[in-house]
Each structure stands twice: as structure tokens, then as C-alpha cells.
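See below for the structure under consideration.
The values are calculated or read from the model by the stated rules, or taken from the named source; none is laboratory data. Because the structure is a prediction, the values reported are computed rather than measured. Counting neighbours? That spans all protein chains shown, and the Cβs are built from the backbone with ideal geometry, glycine included. Side chains are part of the model used for accessible areas, which takes the heavy atoms of the whole protein and leaves out ligands, DNA and RNA. Shrake-Rupley method; radii C 1.70, N 1.55, O 1.52, S 1.80 Å.
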Amino acid sequence: MAWTNAKMSLALSLLTVFLRVSLADLKVGFYSNTCPQAESIIRRVVSGAALSDPNLPAILLRLHFHDCFVEGCDGSILVNNGAISEKNAFGHEGVRGFEIVEAAKAELESACPGVVSCSDIVALAARDAISLANGPAYEVPTGRRDGRVSNMSLAKDMPEISDSIQILKAKFMQKGLNAKELVLLSAAHTIGTTACFFMTKRLYDFLPGGQPDPTINPVFLPELTSQCPQNGDVNVRVPMDRISERLFDKQILQNIKDGFAVLQTDAGLYEDVATRRVVDSYLGMLNPFFGATFESDFVKAIVKMGKIGVKTGSKGDIRQVCSAFN
């Protein structure tokens, strides 16, 4: 009898662990019973805001990336807790979209108080933004909880515009993302703009003697210097994809191959053997050994990114407002 009880106790313990793990997993339709209109509310808020700001898809996609790369996808970047706030970190320079998340949160709190996390809003808003830019539609696993920490010191390892391809690969690997996923997520630069501030060194101080980055196509260099003249306004915005800046497509990969990358980090994707092969594979220059389209692979990459360091269950909160801890 003692042996039977011991086995039953072990079985119950294993069942309890299994249930805890299962309940902690993200899943598509997490709010289907507790707040069935959650995703439609977020979609409506994002779509409405995009009518007055055509750059919103890129803004919300960038917000999702920056949130996930510090403390995981837990809404930590949204918090405004004074000078130490994570959003004040240099690596988050220019990140926007906070008011859109807050607007969606306010509507969700009216419809289903205390149910939908801010971190899930960020992930869902990015999905809806991609769709608005004619990108692929996909399902977002939800069930994230909001983090309880927001500190700019934790953002010191954010990918930076001056990072070499080796450093970028290492930073992505620390988050469980490989070279293929680095290319795919960098290709999100197919939409949106960047400030001349991030171009100054590449254009005017990349090599000794004030020489530009030699990987810039000679045809493209005068375009960039005219848009971002030396000692000019560093806040001027430049499209990151010179061909189709508001369409989510793989044109930016062709730009990278041809020397028309705007950002130094994007150009670096063609300097490394592993990442170059990924770029070429989506341009039809190699056998399609990755076995899928750019769009479908991007979806897999961003869904995987959206699971970095998530807090679930008792490990996080559902904030009442996204800019403040409960």
C-alpha cells in the first residue's frame, strides 16, 4: 500500500507540474473566453491611428522588437518610472508608439478590466501593423504577463547601429535567435525610416580621413549625402528601403545585396558568409534550401522573437495602465 501511495503521490506531483507548465505556455486565442473582443479592439485602434500616421506600422514593429530584447517581451519599455526608465536608454533612441498601446489598453480595460496584458498588446499591435503594410497575416500566441522591472541599465546590450556583424550575431544568439533569424528580423527595415543621426559616421567618418563606408554603392552615396549633408539636421528622416518604404516585402534584401542598404548593420548582413547565404536564398540566387518563402519564414522568426523571456502566470502582472506598475 505504501508503494502504491508513493506512486500515486509521484503521479499527482508530475500532473501538477505538467498543468503548471501547460497553463504557463502562450497560446493562440488565450483571451477567447476572458476577453473575446481583445484582438479586434487592438486591431481597430491600430488601424485608426495608422490613418493619420503612415509610418505607424514600422513604429509598432520596432516597439515590439525593442521590448523583447530587454527583459523579454514583458512591456518593460512602456513604463515611465522617472529617469531610470528603460525607455530612456540610448539603445531605445527614437522608439515610439507608446500612446497607441496605451489607447488600446484603455479600451480593453473598459471592456474586460484586468485581463489583457500590455505586453500582449505590443505583440498583437505589431502583427496588425505588419498586415497594414501589406505584410503576411499570422496568429500571435498570447498569455504574456507584464514585467515588474524597468531600468535603462538593463538595455545596455541592445543591438546598436555600429555593431559589427559578428557582434550582432552574438547578441541575437544570446536571445536564442540564429543567423537566419537575424536576417529575417533585420528585413523588417523594409518599412519605416531612420534619422540622419544614425548615418553620420557611416557617411563622413567611417574610414580615416573622413571617408564613407566603401560598401555603399557609388550611385547611392550622393543620394544619402544629399539627404543627410555633413553638419546638417540630424533629425531628418530617411527611408530604410529606398524602393518600397511603406510596403512589407523583401526588396530590402535586394538593396542589401546591391549596396543600397541605408543602415550599417543591414549592409553588414552581406559581409558574413552565413547571413549572405540567407539573403541570397530569398533572392533566388541559391537553391531554396531553407524550404519556405521569405514571408512565411519572417512569421516564424517574429513569433519566436515574441516568446523571448516571457513572463506568465504568477511571474508577472496585468497592469492597469501600461506606463506604470500596479
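Tabulated data
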read-out	value
Theoretical ellipticity at 222 nm over the chain - DSSP helices of four or more residues, -39500 (n - 2.57) apiece, nearest 500	-13000 deg cm²/dmol
Reachable aspartates and glutamates from residue 175, criterion Cα separation under 13 angstrom, eight or more residues apart if same chain	67, 71, 157
Residues residue 51 and residue 157, FRET efficiency given R0 of 56 Å [Cβ-Cβ distance, rounded to 0.05]	0.95
Square roots of 5 times each gyration tensor eigenvalue, C-alpha, the chain, largest first, Å	38, 23, 19
Estimated D of segment 112-256 in µm² per second, where Rh is the Kirkwood radius over Cα pairs and Stokes-Einstein applies at 25 °C, 0.890 mPa s	136 µm²/s
Spin-label model distance (nm) - residue 300 vs residue 215, 7 Å beyond Cα toward Cβ	2.5 nm
Helix 294-305 vs. the chain, principal-axis angle (Cα, 0 to 90°, nearest 10)	50 degrees
For segment 200-282, average projected area of the Cα convex hull in nm²	5.8 nm²
Å² of accessible area per residue within the chain, as computed with a 1.4 Å probe and no ligands counted	47 Å²
Protein accessible area in the chain, 1.4 Å probe - carbon and sulfur %	57 percent
Coarse-grained scattering of segment 125-208 at q = 0.19, 0.21 Å⁻¹, given as base-10 log I(q)/I(0) from a Debye sum over alpha-carbon atoms	-1.27, -1.34
Rounded, prolate or oblate (a/c below 1.5 giving rounded, otherwise prolate when a/b exceeds b/c) for segment 247-326 by Cα gyration tensor	prolate
Rh by Kirkwood over Cα pairs, then Stokes-Einstein D for segment 19-94 at 0.890 mPa s and 25 °C, µm²/s	164 µm²/s
All-pairs alpha carbon distance profile, segment 169-326, 10 Å steps from 0, percent	10, 33, 30, 19, 8, 1
Segment 72-160 - Kirkwood radius from inverse mean 1/r over Cα pairs (Å)	14.2 Å
Exceeding the 25 Å Cα-Cα cut-off - candidates 27/171; 201/304; 156/311	27/171; 201/304
Relative contact order computed over the chain (Cα-Cα under 8 Å; 6+ residues apart), in percent	25 percent
181, 99, 160, ranked by accessible area, largest first (probe 1.4 Å)	99, 160, 181
